[in-house]
1. Using a 10 angstrom Cβ neighbour count of at most 12 plus a DSSP loop assignment to flag exposed GluC sites (Glu not before Pro), which longest range of chain A is free of such sites?
2. Within 10 Å of each candidate Cβ there may be at most 16 other Cβ atoms; applying that plus a DSSP loop requirement, which trypsin sites (Lys or Arg not before Pro) in chain B survive?
3. Over chain A, with a Gaussian network built from C-alpha contacts below 10 Å, which listed residue (A:Val62, A:Val141, A:Val112) shows the highest mean-square fluctuation?
4. About its Cα centre, what dipole magnitude does chain A give when the only charges are +1 on Lys and Arg Cβ and -1 on Asp and Glu Cβ, stated in debye to the nearest 20?
5. Using the alpha carbons of segment A:167-216, what is the convex hull volume per residue in cubic angstrom, as a whole number?
6. Let me know the Kirkwood hydrodynamic radius for the protein assembly as shown, please, with Cα pairs as the basis and the value in Å to one decimal.
7. What number comes out for the charge environment of B:Ile8, summing +1 per Lys or Arg and -1 per Asp or Glu over other residues with Cβ under 12 Å away?
8. Quick one: compute a quarter of the convex hull surface over the Cα atoms of segment B:1-70 and quote it in nm².
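What follows draws every value from the coordinates through simple rules; no lab data is involved. In this text the structure is predicted, and so the values were computed from the model without any measurement. Here Cβ is always computed from backbone atoms with ideal geometry, including for glycine, and neighbour counts include all displayed protein chains.
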Amino acid sequence: MSEQESLALITSMIQKAKGSFHDRGTSAILWGSAIGIAGITGFLQAYFKFSIGFDIWLIVLVAIIPQIAITIRERKERSALSHEKQLRNAIWTVYGISLLALMIYSALVPGVTENTFQQKGVEILQKNITTGEIKLYQQFVLSQLSLYLILFGIPTLTTGIGTAFKPMIIGGIVCYILFVISCFTPFMWDSLMAGIAGIINWLIPGIILRNRYQKSKIADV
Amino acid sequence: MFKDLDPILHSQLRLAIVSLLISVKQAEFTFLKEKTNATAGNLSVQINKLKDAGYVEVNKQFKDNYPQTICKITPAGIKAFDDYVKNLQQYLKP
């Protein structure tokens, strides 16, 4: 084997390895759809004052089931693990843990705050300035979807920059822009912004990845 | 003065295996077989030579009741590949 042949072989194998990995975009489409539907439906319910009878954000929890199936299938089909995929797995795992932590925070903090006030013998009341009605103030995390918008942007922007994938860079930046806007708008609009974030952040990049994957499959045939 | 190219790496199939493994975190035997177009027997022999040289780590396990061989390049393998490419560049300089 000559030196030129060695170099050509190295180049060809590295190219072959690089060309073997294509993200199907399935997870991105799943989460983009779930958050998009939940956010927009939540906003429509608040804006047009109707109820669908259950908390629409539960579909985000339900989406965990197909995600587990997708992960198991991908692991079964995977014959090699790229460095890029390993890094992406780490980013999205940390994101999942952070998301869960924020959900726990949103669920627990209002109750803990109320208990703390009760132990101190303090009650927070709210007064309707039109009717004069005074009632106990129900604690809740203010503008919590704004916090989720920050969190949504982290893995997408990191993945986008790390893999030089423009749709995810744009999606991540859009999340931060929506976060800034959500700081100045009533809570009802936060839900719409979370829905838009889901679509721009994940659904659209996911569809682009899916198209690329299908094109690469056709090219391989 | 030109340095001799590492004889372990200066073989078509072994160089192909190491070039593939340098590009990934780890790869199954089937992946290497598909990309190199080698026969299972020849591939197995060459992987063992790389393993004996300490360039490749081989783990055998079961996946869905089928035996699975996972190969991974070692730090010694990365260094050997790096040196090989550097020496190769010396030969190719005009």
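1. On the way: sites that count: A:Glu123, A:Glu133.
That would be A:1-122.
2. Values: sites: B:Lys3, B:Arg14, B:Lys25, B:Lys33, B:Lys35, B:Lys49, B:Lys51, B:Lys60, B:Lys63, B:Lys72, B:Lys79, B:Lys86; in loops: B:Lys3.
Answer in residue order: B:Lys3.
3. A:Val112
4. Numbers: 18 positive and 12 negative charges, 92 e Å.
So the magnitude is around 440 debye.
5. Values: hull volume 2.0 nm³, N = 50.
Hull volume normalised by residue count: 41 Å³.
6. On the way: mean 1/r = 0.0424 Å⁻¹.
Computed over the protein assembly as shown, the radius equals 23.6 Å.
7. Details: positive: B:Arg14, B:Lys49, B:Lys51; negative: B:Asp4, B:Asp6, B:Asp52, B:Asp83.
Neighbourhood net charge equals -1.
8. Working: hull surface 21.4 nm².
Orientation-averaged projected area of the Cα hull: 5.4 nm².
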